[in-house]
Amino acid sequence: MDFEKARFNMVEQQIRPWDVLDIKILDLLFAVKREDFVQPEQRDIAFVDVQLPLPNGTLMLEPKVEARLVQDLDIRPTDRILEVGTGSGYVTALLATLGREVVSVEIDPAQKARAEANLRKAGVDNATVLDGNGIEGVPGKAPFDAILVGGSLPVVPEALKQQLAIGGRLAVVVGDEPVMRAIVVTRDSETAFGETVSFDTVVPRLAKACALAPSAFRF
C-alpha cells in the first residue's frame with residue numbers, strides 16, 4: 001500500500017473539507033504516521049473516515065474529528081497540555097509535537113502500555129502517560145494551557161475547567177446521542193469562562209463518564 005498517497009488523500013478529501021486549514025496542523029498530519037498507532041491488521045485502513053476499534057473495545061476517532069479538535073485548541077510551543085483518554089497515543093503524539101509537554105491519562109492499564117509503546121516507537125519524549133480517571137484531571141500537575149478530552153461527556157466537568165490556566169482552552173464533545181457538540185471552553189479569569197460551539201458530531205462516551213454523580217458536572 002502507498003501510505004503517503006493514502007495520507008495525502010486523507011488530508012485533502014476528509015480533513016480540509018472539515019475546515020481544518022491551519023497549515024501547521026496539516027503539516028503535522030504528514031509528519032506523525034497514523035498507521036503506526038493502529039493495530040497491525042488495521043494499517044491499510046488507518047486513513048479511512050471511520051472510527052477504528054482498539055483492543056480494549058474503545059474506539060479511535062475519525063481522522064477529521066481528531067484534527068479538528070487539535071486545531072480548536074490552538075496549541076503553542078510553550079503550552080502544557082492535559083489529554084483525557086490516551087487511546088492509541090496518536091492524538092498524544094500530535095499534541096506533543098505542537099506543545100512543550102503533554103500529560104495524558106488512560107484508565108485502562110493495558111491500553112496505557114500499548115500507547116506508551118507507540119509513543120516510544122514514534123520518538124515522542126515529551127509526553128507522560130498516567131494511569132487513572134482523567135475526568136478528574138491531574139490537580140498535582142495543573143494548571144494546563146490546553147486540555148483535550150478524547151471521548152464524549154454529558155456536560156463539561158468542573159474539575160477540568162478549574163485546572164485550566166488563565167487563557168487556557170478546553171476542547172470536549174458534550175451531549176447525548178443523537179446530538180453532540182464539540183465545544184471549546186476558555187478560561188478568561190479566575191472566575192470567568194467562555195464557551196464556543198465548534199461543530200456537531202457523535203463520538204463514543206468516555207469510560208466512566210456515566211458513573212459520575214451529576215454534581216461533578218457544570219454547564
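The values are calculated or read from the model by the stated rules, or taken from the named source; none is laboratory data. None of these values were measured; they are calculated from a predicted model. In this analysis, Cβ positions are derived from the backbone assuming ideal geometry, glycine residues included, and neighbour counts consider all displayed protein chains. In case anyone asks, the SASA skips ligands and DNA or RNA and just uses the protein heavy atoms, side chains included. Shrake-Rupley method; radii C 1.70, N 1.55, O 1.52, S 1.80 Å.
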request  = Please enumerate the residues belonging to the range 50-81 that are of a type in the set (K, R) and surrounded by 24 or more Cβ atoms within 10 Å (Cβ to Cβ).
outcome  = none
task = Could you list, in sequence order, all residues of the range 5-27 that are in contact (Cβ under 8 Å) with a residue 12 or more places away in the chain and among the acidic types (D, E)?
result = D19, D22
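Results for (1) within 25 Å of L52 (Cα to Cα); (2) part of a loop (DSSP other than H, G, I, E, B); (3) of a type in the set (V, I, T), shown as yes or no for each residue.
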| residue | (1), (2), (3) |
| --- | --- |
| V103 | yes, no, yes |
| A115 | yes, no, no |
| R120 | yes, no, no |
| T128 | yes, no, yes |
| L148 | yes, no, no |
| A159 | no, no, no |
| V173 | yes, no, yes |
| I183 | yes, no, yes |
note = A165 passes all but one of the listed conditions (1) of a type in the set (G, A, S); (2) outside any strand (DSSP E or B); (3) touching a Pro at 6+ places or on another chain (Cβ under 8 Å); the exception is number (2)
ask   = Do we find that I81 is among the hydrophobic types (A, V, I, L, M, F, W, C) and more than 20 Å from F30 (Cα to Cα) in this structure?
value = yes
request  = Give the residues of the range 113-132 that are open to solvent by less than 40 Å² (accessible area, probe 1.4 Å), out of contact with any Gly (no Cβ under 7 Å at 6 or more places or on another chain) and farther than 12 Å from I81 by Cβ, sorted by residue number.
outcome  = V124, V129, G132
task = Within the range 52-77, track down each residue that is of a type in the set (A, V, I, L, M), within 11 Å of the chain's Cα centre (by Cα) and either farther than 11 Å from S88 by Cβ or in a strand (DSSP E or B) (or both).
result = M60, V65, A67, L69, V70, L73
query = Among the numbered criteria (1) more than 21 Å from K121 (Cα to Cα); (2) hydrophobic (A, V, I, L, M, F, W, C); (3) surrounded by fewer than 18 Cβ atoms within 10 Å (Cβ to Cβ), which single criterion is violated by F30?
reply = (1)
query = Out of the range 182-193, which residues are out of contact with any helix residue (DSSP H, G or I) (no Cβ under 8 Å at 6 or more places or on another chain), surrounded by 11 or more Cβ atoms within 10 Å (Cβ to Cβ) and farther than 14 Å from L148 by Cα?
reply = D188
request  = Assess whether E136 counts as being open to solvent by 40 Å² or more (accessible area, probe 1.4 Å) and modelled with pLDDT under 95.
outcome  = yes
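Quick grid of which residues meet (1) within 14 Å of I81 (Cα to Cα); (2) in contact with a strand residue (DSSP E or B) (Cβ under 6 Å, 6 or more places away or on another chain); (3) free of Cβ contacts under 8 Å to residues at least 12 places away in the same chain; (4) aromatic (F, W, Y):
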residue	(1), (2), (3), (4)
V105	yes, yes, no, no
V138	yes, yes, no, no
L164	yes, yes, no, no
G167	yes, no, no, no
D176	no, no, no, no
S189	no, no, no, no
L206	no, yes, no, no
query = Among the residues of the range 82-101, which ones are at positive phi and either outside any loop (DSSP other than H, G, I, E, B) or surrounded by fewer than 22 Cβ atoms within 10 Å (Cβ to Cβ) (or both)?
reply = none
Condition check for P178: over 14 Å from the mean Cα position of the chain (by Cα) and farther than 24 Å from L52 by Cβ = no
